[in-house]
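The structure under discussion appears below in the form of structure tokens.
The values are calculated or read from the model by the stated rules, or taken from the named source; none is laboratory data. All values derive from a computational prediction rather than experimental measurement. All Cβ positions, glycine included, derive from the backbone under ideal geometry; neighbour counts span all protein chains shown.
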Amino acid sequence: MNVWKTVLFIFGVLTGLALISVVQPAGGIRLGNISLEWPTLHEVLTPIATDDNTSDADQAIQTQIAALRNAKRKEFDDFCTNNPARIYLPNNDTTYLDSFFYLLENANDNVVRILHYGDSQLECDRMTGDLREHFQAQFGGGGVGMVPAVQPIATYTLDQSASPLLNHYCAYGSPEFHAGHWRYGPMASMSRVDGSASFSFTTRGEDKFPHCQQFQKVSVAIKGSGTIRVRTADSTYLLTTKIDADSALRVFTATLRHKTKRATITVNGNMDIYGIMLDGKNGVAMDNIPMRGCSGTMFTSIDRKSFAPFFKQQNIGLIILQYGGNSVPYLKGGKSIGTYADQIREQIALFRRVAPKAKILFIGPSDMATSIGGRMQTYPQMSEIIDSLRTAVNSEGAAYWDMQGAMGGNGSMVRWAKSRPALAGSDYIHFTPRGAEQISQILYDTFLLYYKFYRFRNGKGDM
């Protein structure tokens, strides 16, 4: 059969089918119990509106998705506007913490450092220990972070000792603890070694803080010269410093072959030790830096060479400054409150200069009570102090968290102290370990909400 015969055959078949479509009776042609029905010519020649129907369905789905997203955004905006536990962001910028969250999501490739400075509310690794546990459980990491060479207050997470016993000098507190200079480093404290010294570390608190128990990176921040050895159960690592005594702070790091709970550092030489870091190989490292009696206004006095290089060398995602409680009883009027707020603004400006990529969160004072007319009540000036601090912090481009508001506002410290079990001490100032755990949980849950909204905005997950 040639080509033309094939074409004529196909044309004949199509013509026959078209004729049947035209002449067939309604309901088709019945052959016994069987009904044969062809589509009409009109049905064959008219395009099926499948695309339009599908488009309408897709549009309806997209409308519903947009409505749900808008509802979730409205719910988040309502939290940011009305919830007492919200984070007050500079210029109400909901993207302020995005770069920090990005680092957390990529913490498998590097150590992301969080520094938590504060007053005596942080002693013993209170609050920081709980926050660290939450962050490391969510984003990975290990170790207890940066600690001083000589720990004046024992912590729940680390046993450490120094031999011989060295002095621990501070940029804050009583003058008897001052070093006679301002080279205090990133922890606002230091110890001096002239000769030889050894420092031993063993993590503890595994039941409550399991994720910080093992570390794999040991770093020493110093100014000076000498040798540093890190010894574990199976290996010794040698770090030799060859720097002039007048040079700036340097950080020397040993990455261990295996994770460990114990390490001993031996130094020989002449050096100021500004901090020792016990970190995981990656993930989150969170430093607990408590300062008893400190108002948080002395960072600008620290020698910049012993301070600034640390922030340039480390991958710092967040700096938390938690102060105000030690100043509350002494800030009586608007002038003194305004002066203190200006001093805090200067500290934040310093941190923004030395760590321009890091985000800064200032945590205001907790509720505090004093006897007024024979009754324990919130300090009358508390609201003015919090408002002034929040305004100063936000105006300097940092975030603010109102710890008193998160606790429940005025009178909450009395309620926390009278709860059973007690969440605050009988001084109506400090949290108990259980109270510190509770307030840390509130803060972390708040962080987590902002993190989920970050993922939601970037199409990475649901809220």
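List pairs: first residue in the stretch 383-405 and under 18 Å from Thr339 (Cβ atoms), second residue of a type in the set (S, T, N, Q) and at pLDDT 95 or above anywhere in the structure, Cβ distance under 7 angstrom, at least six positions apart or on different chains.
So the pair list comes out as Ile386/Gln404.
Would you be able to say whether some residue in the stretch 332-344 is free of Cβ contacts under 8 Å to residues at least 24 places away in the same chain, in a strand (DSSP E or B) and not aliphatic (A, V, I, L, M)?
Among the residues of the stretch 332-344, not one is free of Cβ contacts under 8 Å to residues at least 24 places away in the same chain, in a strand (DSSP E or B) and not aliphatic (A, V, I, L, M), which makes the answer no.
Among the numbered criteria (1) crowded, with 19+ Cβ neighbours inside 10 Å; (2) of a type outside the set (Lys, Arg); (3) part of a loop (DSSP other than H, G, I, E, B), which one does Gly397 miss?
(1)
Identify, from the list Ala369, Ala399, Ala406, the residue that is of a type in the set (A, V, I, L, M, F, W, C) and more than 17 Å from Asn83 (Cβ to Cβ).
On the way: Ala399 fails: more than 17 Å from Asn83 (Cβ to Cβ); Ala406 fails: more than 17 Å from Asn83 (Cβ to Cβ).
None of the others qualify; the one that does is Ala369.
I want to confirm something. Restricting to the stretch 313-331 and keeping residues that are in contact (Cβ under 8 Å) with a residue 60 or more places away in the chain and polar (S, T, N, Q), which single residue is farthest from Asp109 (Cα to Cα)?
Within the stretch 313-331, the first condition is being in contact (Cβ under 8 Å) with a residue 60 or more places away in the chain, and the residues that meet it are 313-326.
The next check asks that each one be polar (S, T, N, Q); those that pass are 313-315, 322, 326.
Details: Gln313: 16, Gln314: 14, Asn315: 11, Gln322: 29, Asn326: 39 Å.
So the residue we want is Asn326.
What helices (runs of 4 or more DSSP H) completely inside the stretch 401-463 contain at least 3 residues that are within 20 Å of Met286 (Cα to Cα)?
433-457
Answer with yes or no whether Val328 is among the aliphatic types (A, V, I, L, M), surrounded by 20 or more Cβ atoms within 10 Å (Cβ to Cβ) and over 23 Å from Lys217 (Cα atoms). Even if it seems obvious, please write down each step before you answer.
Working: among the aliphatic types (A, V, I, L, M): yes; surrounded by 20 or more Cβ atoms within 10 Å (Cβ to Cβ): yes; over 23 Å from Lys217 (Cα atoms): yes.
Here the answer is yes, as Val328 does meet what is asked.
Do any strands (runs of 3 or more DSSP E) entirely within the stretch 67-175 hold 1 or more residues that are of a type outside the set (Asp, Glu) and within 16 Å of the chain's Cα centre (by Cα), and if so, which? Even if it seems obvious, please write down each step before you answer.
Working: elements: 111-118, 145-147, 158-163.
Counting at least 1 such residues, we get 111-118, 145-147.
Whether any residue in the stretch 260-272 is among the aliphatic types (A, V, I, L, M), touching a residue at least 12 places away in the same chain (Cβ under 8 Å) and over 16 Å from Ala162 (Cα atoms) is what I want to check.
Restricting attention to the stretch 260-272, the residues satisfying the condition of being among the aliphatic types (A, V, I, L, M) are 263, 265, 267, 271.
Checking which are touching a residue at least 12 places away in the same chain (Cβ under 8 Å) leaves us with 263, 265, 267, 271.
With the extra rule that they be over 16 Å from Ala162 (Cα atoms), the set shrinks to none.
No; the residues of the stretch 260-272 include none that is among the aliphatic types (A, V, I, L, M), touching a residue at least 12 places away in the same chain (Cβ under 8 Å) and over 16 Å from Ala162 (Cα atoms).
Give the residue that is farthest from the chain's Cα centre (by Cα), with candidates limited to residues of the stretch 353-373 that are crowded, with 17+ Cβ neighbours inside 10 Å and more than 25 Å from Leu423 (Cβ to Cβ). Before you say what the answer is, go through the steps one by one.
Initially, the stretch 353-373 is screened for residues crowded, with 17+ Cβ neighbours inside 10 Å, giving 354-355, 358-369.
From the residues that got through so far, the ones that are more than 25 Å from Leu423 (Cβ to Cβ) too are 354-355, 358-360.
Details: Val354: 19, Ala355: 15, Ala358: 11, Lys359: 9, Ile360: 10 Å.
So the residue we want is Val354.
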